[in-house]
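Trainee: Can you keep this structure in mind? I'll have questions shortly.
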Amino acid sequence: MLWLWLPCTASLLLCIALVPLGRQVLTRGVVFADIAIAQWAALGVIVQSQWSAHWLSLIQPLPVLGLLSALICAFGIKIIVRAVPAYREAMIGILYVFAASLSTLVVSQDPHGAQLLATAMNGDLLWTSKQHLIPLVLSAVLVLLWCGIGVPQLRAKLFLPLFALVVTLAVDLAGIYVVFATLIVAPLLLCHLRGSRTALAIVVSFTGHVAGLCGSAIFDWPAGAVVVVAIVLISVSVTLLLQNQRNRSQFLSGTV
């Protein structure tokens, strides 16, 4: 099981990069934006994998079209939030469905199309290579630098471009479902409902990743699905444990 150190390292970097961004998404109140941007990033990655032009083969190792697609979606979301704030979730949902349908059309003539779509959804985190760690390290460093910016206006302006970049790099490896779960589940349950620190949400999310990867390796289950289930179950368990401890403390303080 020592070979799991690579996917576990990738998972740690993903959690460091995605959890703070997920907390910001929840603060902004545009939760559906993350999965929409992830879907557009996956669309770009799929298009790039299908496009066999010679000039594109030079950038094949990098998800350039995925990043471009994610940035287009982020720009569209920015316009939607400003222009129609009352219907922003519905409009962002349209962006998501549109990109998902385009992805299906792009691979419709490919005999391996179903496999490409499944990879876009669930990723291939269990088979992480050392080359995958480089963009994930970059993502984690950029997010940590962004968290350290003391000017709120500058942080707000940099958020969507940074989000698009990090999500693109994450989706290319982990898939849409794992990215969404890492972004939202622990930050929602622990930070927004329990008021815990981001560090705890990162630890809990990473624990879910490790448990999911181990379960996938032992039982030969699809890694993405197992990781998502593990993140949800562990996040819920920790949230209930913290709530129980709080209730017990309040009870004891009330009886003293």
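Trainee: For the stretch 131-223, run through the trypsin sites (Lys or Arg not before Pro) and keep only the ones in DSSP coil with at most 12 other Cβ atoms within 10 Å of their Cβ.
Mentor: Qualifying residues, ordered by number: R197.
Trainee: Moving on to the next point. Any idea what the dipole of the chain comes to, in debye rounded to 20, about its Cα centre with Lys/Arg Cβ at +1 and Asp/Glu Cβ at -1?
Mentor: Around 980 debye, computed over the chain.
Trainee: Next up: Can you compute the modelled spin-label distance between L200 and L240, with each label point 7 Å from Cα toward Cβ, in nm?
Mentor: Going from the L200 label point to the L240 one covers 1.7 nm.
Trainee: Right, next: Fully extended, how many nm does the chain gain between L144 and V84 (0.36 nm per residue separation, minus their Cα-Cα distance)?
Mentor: Using 0.36 nm per residue and subtracting the Cα-Cα distance, I get 18.4 nm.
Trainee: Next up: Can you tell which of P111, F98, L142 lies farthest toward the positive end of the dipole of the chain, using +1 and -1 charges on the Cβ of basic and acidic side chains (Lys, Arg; Asp, Glu)?
Mentor: Selected residue: L142.
Trainee: Quick one: grab the alpha carbon gyration tensor of the stretch 122-256, order the square roots of its eigenvalues as a ≥ b ≥ c, and give me rounded if a/c is under 1.5, else prolate or oblate depending on whether a/b is larger than b/c.
Mentor: oblate
Trainee: Would you mind checking the tilt of helix 198-219 against the longest principal axis of the Cα atoms of the chain, expressed as 0 to 90 degrees and rounded to 10?
Mentor: Approximately 60 degrees, to the nearest ten.
Trainee: When the helix-only estimate is applied to the chain (DSSP H runs of n ≥ 4, each -39,500 (n - 2.57), divided by the residue count), what is the mean residue ellipticity at 222 nm, nearest 500 deg cm²/dmol?
Mentor: Rounded to the nearest 500, it is -27000 deg cm²/dmol.
Trainee: Where q = 0.09, 0.10, 0.14, 0.17 Å⁻¹, what log10 of I(q)/I(0) comes from the Debye formula for the chain, counting one point per Cα?
Mentor: Once normalised to I(0) and log-transformed, intensities are -0.41, -0.50, -0.94, -1.33.
Every number here is computed from the coordinates shown, using simple stated rules; none is lab data. A quick note: this is a predicted structure, and the numbers were derived from the prediction, not measured. Please note: Cβ atoms are built from the backbone with ideal geometry, for glycine as well, and neighbour counts cover all protein chains shown.
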